[in-house]
Amino acid sequence: MSSEKTTAIVLRVVDFSETSVVTTLFTEHFGKVSALAKGARRPKGPFENAIDLLAVARIVFIRKSSDALDLLTEAKLERRFRSAERSLERLYAGFYLAELLTEMTDTGDPHPELFHASNRVLAELDAGSPVAPLVAGIELFALRDLGHLPLLTECAICGNELVKAARYPFALVAGGVLCPRCRPGQRHVVSVRAEVIEAMHGLSQAAPETWSSIALEPKLAGEMRAVTQHYLAHHLGHRCKMHRWLSGRPA
Ligand SMILES: [Zn+2]
């Protein structure tokens with residue numbers, strides 16, 4: 001048993017008993033962690049309400065061996081997620097980020113850059129920055145950081161650089177755009193406007209601190225979202241629950 005200190009984003013909180021919760025955390029140094037927080041439901045509990053969905057907290061936890069839950073011993077709130085006060089769109093974008101991190105990352109597999117980018121996105125959602133480029137930015141960042149970014153400038157099958165066209169076939173299984181030679185016979189292919197592929201490529205290369213200043217017109221943002229959501233659904237084996245809420249209303 002060792003005691004570890006790190007910073008964490010609260011992804012999930014589930015009541016465990018009258019006074020305790022089990023929380024899923026995305027930590028800076030240890031990746032995803034599931035921990036029992038004893039007394040977290042008591043009004044004057046040891047965590048002072050730091051175990052709140054999408055809050056960022058400095059934590060101390062004791063790592064348990066094998067498949068036992070880790071034990072949270074300290075949590076000091078750094079920042080609460082306040083987007084609910086601004087709009088449902090921002091709140092849902094935060095929920096979606098929690099779902100992405102929960103679904104895409106593994107327990108004990110650290111991704112500090114993804115942690116920092118996610119932390120920044122939550123702060124910017126709270127601060128009122130444009131939502132669409134933040135959501136698209138973190139989706140592409142997560143895919144890249146976890147090694148699943150689709151190929152956007154070369155054919156996902158033969159690797160040849162793409163020849164300019166108005167639309168490109170995008171293969172969900174092969175993971176990216178296809179050249180005309182490789183297109184025949186491929187299944188699960190969607191046709192995507194070149195502008196959309198270029199915007200995805202541009203955003204995937206942009207640093208997180210620049211995302212909120214990238215102008216995405218609504219039509220382009222909607223098409224990017226559709227491609228990424230199809231791709232993610234294929235990759236995860238199911239659609240993300242929050243996808244249909246991302247436009248601010250059920251689709
Ligand atoms: Zn090809």
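Top mean-square fluctuation among Glu124, Glu139, Glu85, Gaussian network model of the chain, C-alpha springs under 10 Å?
In the Gaussian network model the winner is Glu85.
Quick one: dipole size for region 1-80, taken about the Cα centre, charges +1 on Lys/Arg Cβ and -1 on Asp/Glu Cβ, in debye to the nearest 20. Working shown, then result.
Working: 13 positive and 10 negative charges, 29 e Å.
Its charge dipole is roughly 140 debye.
Can you pick out the pairs among Lys32/Lys64; Lys5/Lys64; Lys5/Lys76; Lys38/Lys76; Lys44/Lys64 whose Cα atoms lie more than 18 Å from each other?
Values: Lys32/Lys64 14 Å; Lys5/Lys64 14 Å; Lys5/Lys76 11 Å; Lys38/Lys76 15 Å; Lys44/Lys64 26 Å.
Listed pairs above 18 Å: Lys44/Lys64.
Can you work out ³J(HN,Hα) from phi for every residue in region 160-176, in order, using Karplus 6.51 cos²θ - 1.76 cosθ + 1.60 and θ = phi - 60°, giving whole Hz and x for Gly and Pro?
Result, rounded to whole Hz: 5, 5, 6, 8, 3, 8, 6, 9, 10, x, 10, 8, 6, 7, 5, x, x.
Whose amide H sits under 5 Å from the amide H of Gly176, counting only residues 5 or more places off or on another chain, with H placed in the peptide plane?
Leu151, Ala171
Along the charge dipole of the chain, which of Ser87, Ser34, Val13 sits closest to the positive end, that is, farthest toward it, with unit charges on the beta carbon of Lys, Arg, Asp and Glu (+1, +1, -1, -1)?
Positive-end residue among those listed: Ser87.
Can you work out the Karplus-derived ³J(HN,Hα) for every residue in region 63-72? Use 6.51 cos²θ - 1.76 cosθ + 1.60 with θ = phi - 60°, whole Hz, and x for glycine or proline.
Once rounded to whole Hz, the list reads 7, 9, 6, 6, 9, 6, 5, 5, 10, 7.
Please give the charge dipole size of the chain, origin at the Cα centre, charges +1 on K and R Cβ atoms and -1 on D and E Cβ atoms. Round to the nearest 20 debye. Please report the intermediate quantities before stating the final value.
Values: 30 positive and 28 negative charges, 111 e Å.
Taking the Cα centre of the chain as origin, the dipole is about 540 debye.
Which Cα, out of Leu140, Tyr168, Cys240, lies furthest along the positive dipole direction of region 88-251 (beta carbon charges, K/R +1, D/E -1)?
Most positive-ward Cα: Tyr168.
Could you report the chain's accessible area per residue, 1.4 Å probe, as an integer in Å²? Display every interim value, and only then the final one.
Details: 12350 Å² over 251 residues.
Spelled out: the 1.4 Å probe surface of the chain, per residue, equals 49 Å².
Give the accessible area for Lys64 in Å² (nearest 10); use a 1.4 Å probe, count only protein heavy atoms, and leave out ligands, DNA and RNA.
80
Residue-wise, which Karplus ³J(HN,Hα) couplings in Hz belong to region 25-33, taking 6.51 cos²θ - 1.76 cosθ + 1.60, θ = phi - 60°, and x for glycine or proline?
For region 25-33, the Karplus-derived couplings read 10, 9, 9, 5, 10, 10, x, 6, 9 Hz, x marking Gly and Pro.
Just to be sure I understand the model, the point goes 7 Å from the Cα along the line to the Cβ. What's the resulting Val163 to Ala68 distance in nm?
So the label points at Val163 and Ala68 sit 6.4 nm apart.
Who wins for biggest fluctuation among Glu198, Glu113, Glu18 in a Gaussian network model of the chain, springs between alpha carbons below 10 Å?
Between Glu198, Glu113, Glu18, it is Glu18 that shows the largest mean-square fluctuation.
Long-range amide H contacts for Lys64: which residues qualify at under 5 Å (H placed 1.01 Å from N, peptide plane, sequence gap of 5 or more or a different chain)?
Asp70, Leu71
Once amide H atoms are placed 1.01 Å from N in the peptide plane, what residues at a sequence separation of 5 or more from Glu78, or on another chain, have their amide H within under 5 Å of its amide H?
Val56, Ala57, Arg58
Determine the gain in length on full extension of the stretch Ala207-Arg244; use 0.36 nm per residue of separation and subtract their C-alpha separation, reporting nm with one decimal. Before the final figure, lay out the partial values.
Numbers: separation 37, 0.36 × 37 = 13.32 nm, distance 2.70 nm.
Result for the pair: 10.6 nm of gain on full extension.
Which of these, Leu25, Leu178, Leu122, has the largest mean-square fluctuation under a Gaussian network model of the chain (Cα springs below 10 Å)?
Highest fluctuation among the options: Leu178.
The values are calculated or read from the model by the stated rules, or taken from the named source; none is laboratory data. Not measured: the values here are computed from a predicted model. Note that each Cβ is placed from the backbone with ideal geometry, even for glycine, and that neighbours are counted across all protein chains shown. SASA here: full protein model, heavy atoms, side chains in, ligands and nucleic acids out. Shrake-Rupley method; radii C 1.70, N 1.55, O 1.52, S 1.80 Å.
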